[in-house]
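The values are calculated or read from the model by the stated rules, or taken from the named source; none is laboratory data. Note that the coordinates shown come from a computational prediction; the quantities given were computed from them, not determined experimentally. Please note: Cβ atoms are built from the backbone with ideal geometry, for glycine as well, and neighbour counts cover all protein chains shown. Protein only, heavy atoms only, side chains kept; ligands, DNA and RNA dropped before computing areas. Shrake-Rupley method; radii C 1.70, N 1.55, O 1.52, S 1.80 Å.
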Amino acid sequence: MKKIAFVTGASRGIGRAVAARLAEEGYAVGINYLRSAQQAQELADSLRAAGYEAAAVQADVADQTAITDAIRLAEERLDGPVSLLVNNAGIAEQHLFQDISSAFWRRIFAVNVDGAYHAIQAVLPRMIHEKAGCIVNISSIWGQRGASCETAYSATKAAIIGLTRSLAMEVAPSGIRVNCVAPGVIRTDMVEVLGAETLRSLAEETPLGRLGTPEDIANAVAFLADDRASFLTGQVLTADGGFIL
C-alpha cells in the first residue's frame, strides 16, 4: 500500500522538519498549515522538485469540518488514504495562571487537544478498516513535568499523553500503533522569543549541552513510524537531551 503521511502544523519548525524527513522515508506528504501559506507551498514545491510527492492544504485543526476536509483533499491529491498521521499543530503562550483568560484557555485546548482529536477522527475509520496505520502525537516535556507560567500549555500536552496511551490500547487489536514524542527545548520560532540569554541557560541545563533541533524530533517521529518500531505502541519517546532526567 502507498505510504501517505499527513502532518498538522507543518509549514515551519518541527512540523516542517517532520514532513521533509517523512518524504525522505518514502511517504507522500500532506502539509497542513493555518496561516503560513507561502512557507507551506515552498516546502511542497521543494519536496516535489526533489522527486517526492507533497501537497499543502490549509485548515485550522480546531475546526473539525475544516481539518477533515483538508485531509480528504490531501488524500485526493496524493491518491490514497492517510496511513500515518502526525499531530504536531500547537500554540503556546506564557502567563501567570491567574492571568489566563478563559478565551485563551479554550483556544489552546481547541488547537492542541481538540485538533488531535479532530484529525484522528478523520483518519481512524479507514485505518480500522485496513487494520493498519500509525499515529504519532507531539507532546512536550512540559506535559510530563509541568512548567511555571505555562500551566495551560502543560495541561494540553499532558492530555496528549493520556490520549496516546488510551487510544493505543483501544486500537491495538486493529493493528494500529499510537505513540508520542515529547520534545525538550527545541530551537524553533516558538522558543527563540525567549532571548539569547535564556536559550544559553537552557542549553547549559541540558545534560547533552545543547538545545534540540527540529530535525532531532523529525528523526524520532520517523523511527516511531518505521517498521523497526512495529512492536512499540502507547509509548512516550522523550527527546530532550536529558533535560528532565
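Per residue, the chain exposes 47 Å² of accessible surface when a 1.4 Å probe is rolled over the protein heavy atoms with every protein chain present. Each Lys and Arg contributes +1 and each Asp and Glu -1, all at the Cβ; summed about the Cα centre of segment 26-100, the dipole is approximately 140 debye.
For segment 85-173, a crude dipole built from +1 on the beta carbon of Lys and Arg and -1 on the beta carbon of Asp and Glu, taken about the Cα centre, is about 160 debye to the nearest 20. Axis of helix 196-205 versus longest Cα principal axis of the chain: the two differ by about 80°, to the nearest ten degrees.
For segment 23-86, which whole-number percentage of the solvent-accessible area (1.4 Å probe, protein heavy atoms only) is attributable to carbon and sulfur atoms?
Numbers: 1200 of 2930 Å².
With neighbouring chains kept in place, the figure for segment 23-86 is 41 percent.
For residue 174, neighbours were defined as the other residues whose beta-carbon sits under 15 Å from its Cβ, and their charges (Lys and Arg +1, Asp and Glu -1) total +1. Remark: relative contact order (segment 1-146) = 25 percent; criterion is Cα-Cα distance under 8 angstrom and separation of 6 or more residues.
How big is the Rg/Rh ratio for segment 70-177, C-alpha atoms only, Rh by Kirkwood, two decimals?
On the way: Rg = 15.6 Å, Rh = 14.9 Å.
That ratio equals 1.04.
Note on the chain: with charges restricted to the Cβ of Lys and Arg (+1) and Asp and Glu (-1), its dipole about the Cα centre is near 380 debye.
With the cut-off at under 14 Å, measuring from each backbone N in segment 126-144 to a point 7 Å along the Cα-to-Cβ line of residue 1 picks out 126-135. Accessible surface of segment 132-212, 1.4 Å probe: 53 percent of it comes from carbon and sulfur atoms. Reachable lysines from residue 131, Cα under 21 Å, same-chain residues fewer than 8 places away excluded? Partners found: 2, 3. Given the alternatives (1) -0.75, -1.04, -1.16; (2) -0.44, -1.02, -1.31; (3) -0.45, -1.09, -1.44, log10 I(q)/I(0) by the Debye sum over Cα atoms at q = 0.10, 0.15, 0.17 Å⁻¹ as computed for this entry is given by (2).
Listed by chain and number, the aspartates and glutamates whose C-alpha is less than 12 Å from the C-alpha of residue 157, apart from same-chain residues fewer than 8 away, are 114.
In the chain, taking the dipole from charged Cβ atoms about the Cα centre, the farthest positive-side position among 173, 133, 238 is held by 173. Each part gets one Cα centre, and for segment 1-29 versus segment 72-139 those centres are 14 Å apart.
Under Stokes-Einstein, with the Kirkwood radius over Cα pairs as Rh, the value for segment 93-153 at 4 °C and 1.567 mPa s is 96 µm²/s.
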